[in-house]
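First the structure, in the form of structure tokens, and then the observations on it.
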Amino acid sequence: GGMLAAGVAVLVLAVGGWRLTFLPVAGVLVLGIVGFHRWSREEYRLAWTSLDTLGTARRLLGNRDLVVLLATFSLFSFTWQGVTGFLPDFLQVQKGFSETFASNAFAGLFVVAAVSTPVAGSLGDRLGHARVGLLTPLVSSVGLAVVLAFDGRLAVLAGVAVLASGI
């Protein structure tokens with residue numbers, strides 16, 4: 001979906017201005033709403049809901065497995081947002097690479113991630129998701145260390161690939 005959205009964005013930007021990019025997004029949202037309405041057989045009911053925030057927090061914090069899962073996901077999300085937010089700038093400013101190289105390395109991050117994600121899921125099915133879940137941050141840490149420690153193009157590209165496969 002992300003790759004398809006990027007392709008549609010490039011296509012729309014080639015035809016018109018940035019405001020035009022919202023048109024396909026609005027169209028997809030409308031199609032999604034209509035599709036969900038037709039697919040769902042449940043009735044609509046409007047009602048006031050009590051938001052028991054403290055009770056919900058107590059239930060969440062009372063479940064150790066859920067706390068570990070939420071903490072892990074938060075760390076993963078923080079890492080992913082950091083990498084995707086700063087990698088191209090880091091490669092340009094800190095490493096001195098061209099904008100083209102930094103953009104291509106950034107695109108490579110998503111290509112490798114698109115391939116490695118189903119592989120990691122398959123490995124999780126065979127070896128156990130907890131084991132693979134513990135291994136992938138180690139793999140991404142090695143990739144990040146390579147990106148930070150080396151300045152050569154091939155080393156940095158290899159580091160980005162390993163980082164992406166771990167993330």
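The values are calculated or read from the model by the stated rules, or taken from the named source; none is laboratory data. Keep in mind that what you see is a predicted model, and the values were worked out from it rather than measured. Please note: Cβ atoms are built from the backbone with ideal geometry, for glycine as well, and neighbour counts cover all protein chains shown. The protein model used for the area step is the full one, side chains on, heavy atoms only, and it has no ligands, DNA or RNA in it. Shrake-Rupley method; radii C 1.70, N 1.55, O 1.52, S 1.80 Å.
The table below gives the values:
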{"quantity": "Tally, over the range 121-155, of residues that are farther than 17 Å from Gly82 by Cβ and in contact (Cβ under 8 Å) with a residue 40 or more places away in the chain", "calculated": "3"}
{"quantity": "The one condition in (1) in contact (Cβ under 8 Å) with a residue 60 or more places away in the chain; (2) closer than 21 Å to Val146 by Cα that Ala102 fails to fulfil", "calculated": "(1)"}
{"quantity": "Selection from the range 1-41 of residues that are open to solvent by 90 Å² or more (accessible area, probe 1.4 Å), modelled with pLDDT of 75 or more, over 21 Å from Phe110 (Cα atoms) and not β-branched (Val, Ile, Thr)", "calculated": "Arg19, Phe22, Leu23, Leu29, Leu31, Phe36, His37, Arg38, Trp39, Arg41"}
{"quantity": "Answer from Gly85, Gly143, Gly159 - the residue that is loosely packed, with under 11 Cβ neighbours inside 10 Å and under 29 Å from Gly7 (Cα atoms)", "calculated": "Gly85"}
{"quantity": "Residue selected from the range 88-128 under the condition of a type in the set (Phe, Trp, Tyr) and either open to solvent by 30 Å² or more (accessible area, probe 1.4 Å) or touching a helix residue (DSSP H, G or I) at 6+ places or on another chain (Cβ under 6 Å) (or both), by the criterion farthest from Ser140 (Cα to Cα)", "calculated": "Phe97"}
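Listed here are the residues, each with its yes/no results for (1) at pLDDT below 95; (2) hydrophobic (A, V, I, L, M, F, W, C); (3) over 17 Å from Pro88 (Cβ atoms).
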residue: Phe110; (1), (2), (3): yes, yes, no
residue: Ala113; (1), (2), (3): yes, yes, no
residue: Ser116; (1), (2), (3): yes, no, yes
residue: Val119; (1), (2), (3): yes, yes, yes
residue: Leu135; (1), (2), (3): yes, yes, yes
residue: Ser140; (1), (2), (3): yes, no, yes
residue: Val162; (1), (2), (3): no, yes, yes
